[in-house]
């Protein structure tokens, strides 16, 4: 029986989608992936599996997605161009589809200098936009790069990332438009703390009609402390955490800051639900996946749709 993308079904029926991120372990233990999947299964529509995020060696995204698929979840394969040439990328695209994985997120990948293998050589044979084009060509035209036909095309819902907060601001919507033209069907954004700036970006998105061409899921990362917020704002490229958010966390006792971080995430989701052109949220609870059901419930997004 052919599997279908649950994420695609939720979005195509005009329902507000919820996805979450699952970080694979720094080892070969499948139970860690399955444990995280168990936390997320009833709370979200689909689960992204990161691909050696921050350049740190972890269990492969493809393997972890296969485990989640077997456990009854709808995984989103994250695939970065940093580590693979076009042969390996196309091979993994076919492999994912053969395993019943129906969603893919095409990414550049964090530079290897940030990780535990800084001496590794980045490949970057294709860039992220070319990877989107490649997946679309394989799926829609049944060809690999170079034109050779496939015996069976992959069946994948194509996604990409967007950062509304990076500089220069005017270029952010232009880059989004390039990804949409390349074939992106859904977008997951950088985590949102500055709702004013995100609203300005969404206005530009709507002005170009892009909200009618691609499904946009706003990104969220719950903050555990004021210290975490200050670190991310200072050290993570393209991050924009307003001072009032940091002051809000500092305004409660340290032991209550995690709770306040969850409240901020819930309030952000409620704002995004009312924002025209936003089709869902993507929750990136870094090594804190167990709180995702609480956030989703607090935002009034349970139960998830059934088909």
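Every number here is computed from the coordinates shown, using simple stated rules; none is lab data. These figures come from a predicted structure and were not determined experimentally. Neighbour counts are summed over all protein chains in view; Cβ atoms, including those assigned to glycine, are modelled from backbone coordinates with ideal geometry.
Odds and ends about this structure:
- For segment 56-214, pairs of C-alpha atoms spaced more than 20 angstrom apart make up 55 percent of the total.
- Of every Cα-Cα pair in segment 1-106, the percent that sits beyond 25 Å: 17 percent
- Rounded to the nearest whole angstrom, the semi-axes of the ellipsoid equivalent to the chain, taken from the Cα gyration tensor as √(5λ), stand at 29, 21, 21, largest first.
- Helix 86-98 axis, angle to the chain major axis (alpha carbon atoms, nearest 10°): 80 degrees
- Spin-label model, residue 152 to residue 130: label points 7 Å out along the Cα-to-beta-carbon direction sit 2.9 nm apart.
- log10 of Debye I(q)/I(0), alpha-carbon scatterers only, for segment 174-298 at 0.13, 0.15 Å⁻¹: -0.55, -0.71
- Estimated from helices alone, the mean residue ellipticity of the chain at 222 nm is -11500 deg cm²/dmol (sum of -39500 (n - 2.57) over DSSP H runs with n ≥ 4, per residue).
- Two-site FRET efficiency, residue 4 against residue 256, from Cβ-Cβ distance with R₀ of 30 Å, rounded to 0.05: 0.10
- Potential extension, residue 98-residue 270 segment - 0.36 nm per residue separation minus Cα distance: 58.2 nm
- Centroid-to-centroid separation of segment 245-307 and segment 147-161 [C-alpha atoms, Å]: 33 Å
- Under 18 Å from the residue 14 label point (7 Å along Cα→beta-carbon), backbone N, segment 242-277: 273-277
- Rounded to 10°, Cα long-axis angle of helix 30-40 versus longest principal axis of the chain: 60 degrees
- Percentage relative contact order, the chain, counting C-alpha pairs under 8 Å, at least six apart: 19 percent
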